[in-house]
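One structure is given below, encoded as structure tokens.
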DNA sequence: CTGATTTAATTTGATTTTCAAATTAAAACT
DNA sequence: AGTTTTAATTTGAAAATCAAATTAAATCAG
């Protein structure tokens, strides 16, 4: 409607079909406010293009009158991959256009930090390995979403800096598109979790919510008005580095008082080392094992361990309360897989949030814990790719018709 | 384009004309991506409706070819009032449709907290007093924007709670519309400052920015994607109650560690009372005088006073840094009139922010201090009314044409 | 089993919105 | 006075949409 007459209707209807999956035309008209006549015309076009298909109306048993015919996204229309570039591995997922997971794959990286070309090469290998058993090739993909830690300029596909890349200011999108011959969509990994929640998780119903992830650091994704909010320099949502104490504990980032410096593994271990330094566990044990031992000890009533863990939880609650006080979201999702974060997901922590937010008549936002597997990130990447591919498909439709 | 065919184009073009004030049709086409033909048609319509007018093209001296004809909003099209309900007074401003200030007025309230009817009555009186000298009546207004402290549901015009109202859960919009016979637009006062900055101030060029105000409390307005972000329960942006210290200083709100409990007047005085309790200034002096004395003393090198003020500044910087870490805005505007906030607006504070935000290659967001007069709030209210009236005008256009 | 009823979807014919290309307008150069 | 240049408008067509009428596919009632 703006600019060259572009098919805003197509876009809206396709999105509505996706979100309300099996939905009859009459309900689409109701929902979007677009007339039934137009819904018929446009959906016919979408069906003709293969993006949408009819399914036998089900559910409401035998109502009177002409039965409604449900529409849904046609999964076979496109194939996308989602790839998360993690510390020392890649995790991949394959999805159809409907969002059904068709395959998953995991790939160990030769090194933690790689050059661009090497990384892209490993990426291509991993993709091939995932696709081969299905008799598919990379060229069958309509798009690939890539999640990477660091500072990413989404518009340009530029990775300013990432722990996984030895180069700086690399246009990872171009590099991947050149190597794979497939449209690539690159984003910061925290945003991808938010996207995963938006499309597949607890954020499906919400328009404004926040996703917090705990891995080695603390990440955050912000969804405002159904869209990822990325900040203006691509470095927003640095929840882990919000300050919770003036001149507080030293953080990996070099600053003091960051939330991360109170809740991250290294923070807990740093504290534990003061009193438990002579522990058997301290020698030769991995960080993970030591954390586990600390948490166990806290659970068993060790006062010092308990104190360490308690403070972490209280700081975490304070940080989350600040988010609520600033954003007033509908929902906060604590997404993660690690049982090691149990202490941060405890009842007391959630309750602590409620005590630190501004009190109004209305109930506080829901805080929910969502335990995903490792694939969460990759699924988010796939969701991102689906978004991009959908956009391209609608665009193609417009061009094709003209 | 969605729903009944509504004139999205009209809306877009009117907004573009407003934002780029004197602008030729060809530039409008360029900017909005709408074809020149459509720009001609739509602007003709807007001119016919009296919302827009042509002005002799100026600026570019005598270029070759047919000279461009600039368009601008026609001020005379509508008249709006902006009203800020403050502690013990109303401040009002009168604006034309172009945003030119035509009059201002100030009105003392009989009491700090009033019943709805009494407040509305005083409001009508004040409005009348402002309009009378101009030979205008309230019925000449196309809308009135009202800013009030407290929890406001903008959608419904409901004031859940406000220090200025003795009643709770009042539909202030209905009450005012009934009394004045003019469309009313009610919002939280912090949001209005953001709107004032967006339309008349430093936020004109920015799409994502934050406005922080210091009065008796600390307020914040958030602009995301050119729109006020209000949170989902109407209680977001409570910057003053973000926690900056676990189990910290007691706040008026009853919680501990709120930023306000470190930077507000009462917080400074609380600290000062510990050591300066026997001061001449402490007896019989007003709070304002005592604050002034404290700041003066800090400035003169008194170590205790200096320490009190220093901490307030550092806490303030920390709070702002957290906003940057979360939002990554283009711009932070510190808006206020009070010289008493000088210590919070000091160089050191601004520098302190930069030391607490996540470091990236790109420069940190600008932090600017904008000293407005008392009218800032009322102007914001007027800006809000203008937004509403513009919306109504476009809507009327659509209905009228059909 | 047949026709009435009900509801969903489509078709019809018109209207609105928009655009590209051609045309006109208004100025400065030559 | 004619040429050039640029802005704005007009023209004719295409695209998008809608309200109302029609058709389709089912159940219900007798």
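The values are calculated or read from the model by the stated rules, or taken from the named source; none is laboratory data. Computed from a predicted model, the values in this text were never measured in an experiment. No Cβ is skipped: glycine too gets one built from the backbone with ideal geometry, and neighbour counts run over all protein chains shown.
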For residue A:88, the lone unmet condition from (1) modelled with pLDDT of 95 or more; (2) more than 16 Å from DNA strand D (Cβ to nearest atom) is (1)
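Rundown of residues vs (1) at the interface with chain A (Cβ under 9 Å from one of its Cβ atoms); (2) at pLDDT 90 or above; (3) crowded, with 22+ Cβ neighbours inside 10 Å; (4) assigned to a loop (DSSP other than H, G, I, E, B), yes/no style:
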| position | (1), (2), (3), (4) |
| --- | --- |
| B:178 | no, yes, no, no |
| B:199 | no, yes, no, no |
| B:222 | yes, yes, yes, no |
| B:232 | yes, no, no, yes |
| B:245 | yes, yes, no, yes |
Just a yes or no: is a residue in segment B:309-327 modelled with pLDDT of 90 or more, within 14 Å of chain A (Cβ to nearest Cβ) and not in a helix (DSSP H, G or I)?
-> no
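Residues checked against (1) over 23 Å from residue A:193 (Cβ atoms); (2) within 14 Å of chain B (Cβ to nearest Cβ):
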position: A:10; (1), (2): yes, yes
position: A:13; (1), (2): yes, yes
position: A:30; (1), (2): yes, yes
position: A:76; (1), (2): yes, no
position: A:88; (1), (2): no, no
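Among the listed residues A:102, A:46, A:92, which satisfies the condition of being closer than 16 Å to residue A:143 by Cβ and touching a residue at least 60 places away in the same chain (Cβ under 8 Å)?
Values: A:102 fails: touching a residue at least 60 places away in the same chain (Cβ under 8 Å); A:46 fails: closer than 16 Å to residue A:143 by Cβ.
Checking each option against the conditions leaves just A:92.
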From the residues in segment B:6-32 that are touching a helix residue (DSSP H, G or I) at 6+ places or on another chain (Cβ under 9 Å) and part of a loop (DSSP other than H, G, I, E, B), which one is farthest from DNA strand C (Cβ to nearest atom)?
-> B:20
Those residues of segment A:49-60 which are free of Cβ contacts under 8 Å to residues at least 60 places away in the same chain and touching a helix residue (DSSP H, G or I) at 6+ places or on another chain (Cβ under 6 Å) amount to A:50, A:52
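Hey, any hits in segment B:42-63 for a residue that's assigned to a helix (DSSP H, G or I), within 14 Å of chain A (Cβ to nearest Cβ) and modelled with pLDDT of 90 or more? Full working, then the answer.
Filtering segment B:42-63 down to residues assigned to a helix (DSSP H, G or I) leaves B:42-48.
Within this subset, residues satisfying the condition of being within 14 Å of chain A (Cβ to nearest Cβ) are B:42.
From what is left, the residues that are modelled with pLDDT of 90 or more are B:42.
Yes, the conditions are met somewhere in segment B:42-63.
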Is there a residue in segment A:329-348 that is at positive phi and within 14 Å of chain B (Cβ to nearest Cβ)?
-> no
Test: residue B:150 is more than 16 Å from DNA strand D (Cβ to nearest atom), modelled with pLDDT of 95 or more and outside the structural domain of residue B:17 (by TED's automatic domain parsing) | no
Segment A:165-176, residues that are more than 19 Å from residue A:88 (Cα to Cα), within 14 Å of another protein chain (Cβ to nearest Cβ) and touching a residue at least 24 places away in the same chain (Cβ under 8 Å) = A:170
Subset of segment A:349-397 [assigned to a helix (DSSP H, G or I), within 14 Å of chain B (Cβ to nearest Cβ) and in contact with a helix residue (DSSP H, G or I) (Cβ under 6 Å, 6 or more places away or on another chain)] = A:349, A:352, A:353
Mind checking whether some residue in segment B:133-155 is within 14 Å of chain A (Cβ to nearest Cβ), without any contact (Cβ under 8 Å) to a residue 60 or more places away in the chain and either more than 16 Å from DNA strand C (Cβ to nearest atom) or not in a helix (DSSP H, G or I) (or both)?
-> yes
Do we have residue B:87 as at negative phi, out of contact with any helix residue (DSSP H, G or I) (no Cβ under 9 Å at 6 or more places or on another chain) and away from DNA strand C (no atom under 15 Å from the Cβ) here?
-> yes
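Look at residue A:228 and say whether it is at the interface with chain B (Cβ under 8 Å from one of its Cβ atoms) and under 18 Å from the mean Cα position of the chain (by Cα). Walk me through how you get there before you give the answer.
Working: at the interface with chain B (Cβ under 8 Å from one of its Cβ atoms): no; under 18 Å from the mean Cα position of the chain (by Cα): yes.
Taking the combined requirement at face value, the residue does not satisfy it.
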